[in-house]
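The values are calculated or read from the model by the stated rules, or taken from the named source; none is laboratory data. Here the structure is a predicted model, which is why all the values come from computation and not from measurement. FYI the Cβ positions are ideal-geometry reconstructions off the backbone, even for glycines, and counts take in every protein chain you see.
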Amino acid sequence: MTPDLARELTRRASPVWNVYGPTETTIWSALSRVDPGPGPVRLGRGIANTQLYVVDNNLRQTPVGVPGELYIGGAGLARGYLNRPELTAERFVPDPFSAVPGARMYRAGDLVRWDANGALEFLGRIDHQVKIRGFRIELGEIEAVLSSHPGVRACAVVVWEPVPGDSRLVAHVVPGERGCTDDALREHLGAALPAYMVPSRFVRRTALPLSPAGKVDRKALPPPDVTRDVVEASTVAPRTEFERVLAELWSAVLQRSPLGIHDNFFSLGGDSILALQVIGRAKRAGLHLTARDMFTHQTVAELALVVRRDSAVLAEQGAVVGTVPLTPIQLWFLDGDPVDAHHYCPAMRWTPPPALSPEIAAEALRIVAEQHDAVRLRYRRTESGWVQEHEAGATVALERVDLSPLDRSARDAAAVEAVARLQRGMNLESGPICRAAWLDLGEGGAQLVLVLHHLITDGMSWRIVCEDLQRACEALLAGRTPELGPKTTSLRQWSERLHAFVAGGGLTPELAYWQAQCARRIPPIVRDRDCAPGTFGDSRTVEVELAPADTSALLRAVGSRQGTEIDAVLLAALASALSAASATDTVCVALQHHGREPVVADVDVSRTLGWFSTLFPLWLSVQQGRDPAALLNDVREQLRAVPGRGLGYGWLRYAHPDAHVRASLAVPMPVVFNYLGQYEAGSPWTFDGTAHSSISPNTALFHELVVSCIVVDGRLRLAWSFSRAVHEASTIERIAGAFLSSLRRLIACCSSADGEDAPCN
C-alpha cells in the first residue's frame, strides 16, 4: 500500500491499519494505525515473537531519530530462497542481538528510524540513498516531507549533474488541485530538513513515469533545463540595487571581499547568528528579510529576488508601556530565586575616539534608550510570582569616574572596581537595570563602559545595543542626527504572541517528544567529588582555543562545503570528550540557542533588545571508537530530530497552562553548551575581562559545567566554567584537551578533498 493510498483510505473510512512486512518474514512483521496527517509513514511496533532492529553500516543499532536499515528477526523468519544460496547468505544474516544460538535476521533494505514513542517511521529504500558534497542523503526522506505538502499529488527526487562533479537534487512534482510555488515547497522542506536536503530545482510533471511493476521509473525522468541551473564559477559582481546592498551587508558581516552574487552565505562561514545580523542590518537599510529567507535563498542573487522594501511587520514605534509576560529563560532564572538576583550583569567596554566627549556619549545613550524599551523594564515579586513591566520615562544616565590622578597600576585596579560597582548597583524593582560610565584615564584616554542586567540582554542583544550606541556616537560627533532605523517587534508583543500560541495548543505536537525525552535517565558525568556545586564565588574557568588555521577550516570547510552547521561539529567533539571521560555511551547536554526562530507570523525581533535565549536538554548517544565521520553523522541526525531547534521545550516547561505538563518536563541540567557565534572582526567593543564576575559570588551555580564557545580574532575560544567543589582543574583540562583533539579530527575529516572516498559521509 502506497502512502498516498493509505491516507486516502483513511480519509474515507476509519480506521485503516498499515500491516507491514516482507514475504521473507511471512508478510506481517509490524502494525500501525494510519495517520492521515503529514509526515513519514509509520510502520509502528513489531508483532509478537518478532524483533525489529535499526542499524547502521557497521551493524550497530542507531539511536532514536537516526535513520538506518531495518533488519527483522524472530519466529516468522523464512529459511531462505529456494536454490539461491548466494542471495540467502546476503539477505539472511546472523543475529548478533539475539541470545538464541544460530538466530538469524532478514535485511529488509528499507530505510527507517525510531521515533520518540518507540515506533518505526518509513523513510524510503536503502538503494535510494545518495551522496552529495560528503553527505549521505535519503531521497525517500525528502519525498516523504515533500509529499506531505497539500499542493503535491506525487513526487520523485533524483540527483542531477549539470556539469561533472556538481551534483544537485531535483524534485519532479505532480501538482495537486491547489498547486504550489517553488518558494512554498522550499519553505515547507526547509522547516523539516537541513538546507543540504532541499532540492535546487523543482520540475512540474503531469505524471511520473512508471515501470512495469508500477513503481516510479527514475531513469526515465528527463533532466531539467541545464541553461537555468549552470552557475558561473567566477565571482559575479552585483547587477541590481538589491544585489549591491545585500553584497555589501554580507561582506561586512562575513568580513570577506570581494563577494560574488552566486557565493553561498553558509559556504563563506555564515551561521544562524550571523544571518540574524544580516537581517538586522538589512532592516536598518530599509529592506525586509526573514531568517527563513536567509536559509532558503543562500546566495545574493537568490535573496535579491525575495527581499522587500516595505516590511510586512508593523512594529510599535513609540514608547512601549505596560506589563510584559516573562519569557521562559527569564522564568527559569527568576523562579530559581537566586541570591542577589540583581547582580547578574555582563559588561562591555569601548575605547572611544579622542574627539568623543562624555556629553556626546550621554546624548547617544539617551537616543539608544529611546530605541530600546527593554532598558525601562522593572521587576517585582508578587504572591503569584514575578512581574515584568515598563517604567515610564526611565533613561540611562552616564556616570563620570575620574581616575586620571592615579598612577597606572592603581588606575587599572580602580577601573576594575568601577565596573564591579556598576554591576553590584543594579536594582530590579526600582532600577536601574542598565548602567553606563565614562572612565577618565588621564593620559590613557577614556573608556565607555556599558552594563546591562542579563534579564534584558543576550548575545544578539549585546551586538545590537553596542552597534547602536557606537553608531549614535559617531553620528553626533559628525554633526548628524543619529538614524538607528525603525524598531522591530517589541519584547512585549513577541512574548504575548508566544504565550497565546502555547495556550492555544500551538506546541502540542511537540509535547509527546519532550515528555519522552525528559523521562530518560540523566547519565552522570565524571566527578572528582560527589558534592553540591556551590556558588559562583567558588567556580573557576579553564580557557583553551583553536589555532586560526583550524578555526578557518571549521568555519569554512565544515560549516559550508560539507553543509554542516558548526553546532553539530562542536557538539560531536564535546559528546566524544565527555563520554570518554565519563565512561558512558550517552551524555545529556543542555543546549543554548539564540531563541529568535520565527514561530508565529508577523513578528520580527532581529533588532529587539531582550533575553530570548532557549535552553533545552539534548541526549546524545556516542559509541566509543566511532570514526569522526560516523560520530558527526550520528550527532547531526540526533540534532535534526529535535523539533523547532529546541525552542518549544522552554515554552512548554514554563508557559504551558497545565502545571502537570510543566512538571513532567523538569529535568536537571548539569552540563550546558553555548555557541555564541563569531564576534565581528574589528569591533571596538570587548567583553569586560576583569577578575570580577558579572554575577554575584554568593549566587548558587546553575550548572556543574558550562562550556561557552565564541570566535574572536579568527580563533575559536572555549571557556570551561566549573565548580571547584565537584571538579579538579586537572580533570576539566583533560576533558578540554580531549575536546580539541576530537574537534581537530572532525575538522580534518570534513576538510578532506578525497571526494567519494572522504570519510565525512
Check your understanding: Does VAL635 count as farther than 11 Å from GLY595 by Cα, crowded, with 20+ Cβ neighbours inside 10 Å, without any contact (Cβ under 8 Å) to a residue 60 or more places away in the chain and among the aliphatic types (A, V, I, L, M)?
Key -> no
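Taking the stretch 134-153 as the region of interest, how many residues are assigned to a strand (DSSP E or B) and at pLDDT 85 or above? Step through it out loud before you land on a result.
Taking the stretch 134-153 first, the residues assigned to a strand (DSSP E or B) are 135-138, 152-153.
With at pLDDT 85 or above added as a condition, the list becomes 152-153.
Residues flagged as assigned to a strand (DSSP E or B) and at pLDDT 85 or above within the stretch 134-153 amount to 2.
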Practice item. Look through LEU618, LEU570, LEU546 and report the one residue that is over 17 Å from ALA748 (Cα atoms), in contact with a strand residue (DSSP E or B) (Cβ under 7 Å, 6 or more places away or on another chain) and crowded, with 20+ Cβ neighbours inside 10 Å. Key: LEU618
Point to revise | Failed criterion for GLU316 (all others in (1) closer than 28 Å to GLY650 by Cβ; (2) under 25 Å from the mean Cα position of the chain (by Cα); (3) modelled with pLDDT under 75 hold) | key: (2)
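Among the residues of the stretch 401-431, write down those that are at positive phi and either among the hydroxyl-bearing types (Ser, Thr, Tyr) or surrounded by fewer than 14 Cβ atoms within 10 Å (Cβ to Cβ) (or both). Break it down stepwise before answering.
Step one: filter the stretch 401-431 for residues at positive phi, giving 431.
None; the set is empty.
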Exercise for review: Find all pairs meeting these conditions: Cβ atoms under 8 angstrom apart; at least six residues apart or on different chains; first residue within the stretch 190-215 and touching a residue at least 60 places away in the same chain (Cβ under 8 Å) and surrounded by 17 or more Cβ atoms within 10 Å (Cβ to Cβ); second residue among the charged types (D, E, K, R) and assigned to a loop (DSSP other than H, G, I, E, B).
Suggested key: PRO194/GLU565
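Residue under question is GLN298, and the condition is that it be in the same structural domain as LYS283 (by TED's automatic domain parsing), in contact with a strand residue (DSSP E or B) (Cβ under 8 Å, 6 or more places away or on another chain) and on the phi < 0 side of the Ramachandran plot; does it hold? Steps first, please.
Values: in the same structural domain as LYS283 (by TED's automatic domain parsing): yes; in contact with a strand residue (DSSP E or B) (Cβ under 8 Å, 6 or more places away or on another chain): yes; on the phi < 0 side of the Ramachandran plot: yes.
Judged against the criteria, GLN298 is a match.
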Revision key, fill the gap. Counting only residues that are surrounded by 14 or more Cβ atoms within 10 Å (Cβ to Cβ) and more than 30 Å from ARG636 (Cβ to Cβ), the stretch 52-99 contains a total of 9
Exercise for review: Please work out which residue is farthest from VAL158 (Cα to Cα), limiting yourself to the stretch 107-133 and to residues that are at pLDDT 80 or above and part of a loop (DSSP other than H, G, I, E, B).
Suggested key: GLY118
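Among the residues of the stretch 324-341, is any under 30 Å from LEU439 (Cα atoms), of a type in the set (A, V, I, L, M) and surrounded by 16 or more Cβ atoms within 10 Å (Cβ to Cβ)? Step through it out loud before you land on a result.
Pass one, the stretch 324-341, residues under 30 Å from LEU439 (Cα atoms): 339-341.
With the extra rule that they be of a type in the set (A, V, I, L, M), the set shrinks to 339, 341.
Among the residues that remain, those that are also surrounded by 16 or more Cβ atoms within 10 Å (Cβ to Cβ) are: 341.
For the stretch 324-341, residues under 30 Å from LEU439 (Cα atoms), of a type in the set (A, V, I, L, M) and surrounded by 16 or more Cβ atoms within 10 Å (Cβ to Cβ): present.
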Check your understanding: Any residue at all in the stretch 460-468 that is within 16 Å of ALA341 (Cα to Cα) and either hydroxyl-bearing (Ser, Thr, Tyr) or modelled with pLDDT of 90 or more (or both)?
Key -> no
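Given the options ARG400, ARG435, ARG480, ARG421, name the one that is of a type in the set (Lys, Arg), farther than 22 Å from LEU609 by Cβ, in a strand (DSSP E or B) and at pLDDT 90 or above.
Numbers: ARG435 fails: farther than 22 Å from LEU609 by Cβ; ARG480 fails: in a strand (DSSP E or B); ARG421 fails: in a strand (DSSP E or B).
None of the others qualify; the one that does is ARG400.
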Review point. Do we have any residue at all in the stretch 585-603 that's in a helix (DSSP H, G or I), of a type outside the set (Gly, Ala, Ser) and either surrounded by 19 or more Cβ atoms within 10 Å (Cβ to Cβ) or more than 12 Å from the chain's Cα centre (by Cα) (or both)?
Key: no
**Study point:** Residues of the stretch 570-599 that turn out to be at pLDDT below 90 and closer than 23 Å to LEU555 by Cα, as a count
**Key:** 5
Check your understanding: Restricting attention to the stretch 694-708, and to residues there that are out of contact with any Pro (no Cβ under 6 Å at 6 or more places or on another chain) and surrounded by 19 or more Cβ atoms within 10 Å (Cβ to Cβ), which single residue is farthest from GLY737 (Cα to Cα)?
Key -> SER696
Check your understanding: In the stretch 243-257, is there at least one residue being in contact with an Asp or Glu (Cβ under 8 Å, 6 or more places away or on another chain) and more than 22 Å from GLY485 (Cα to Cα)?
Key -> yes
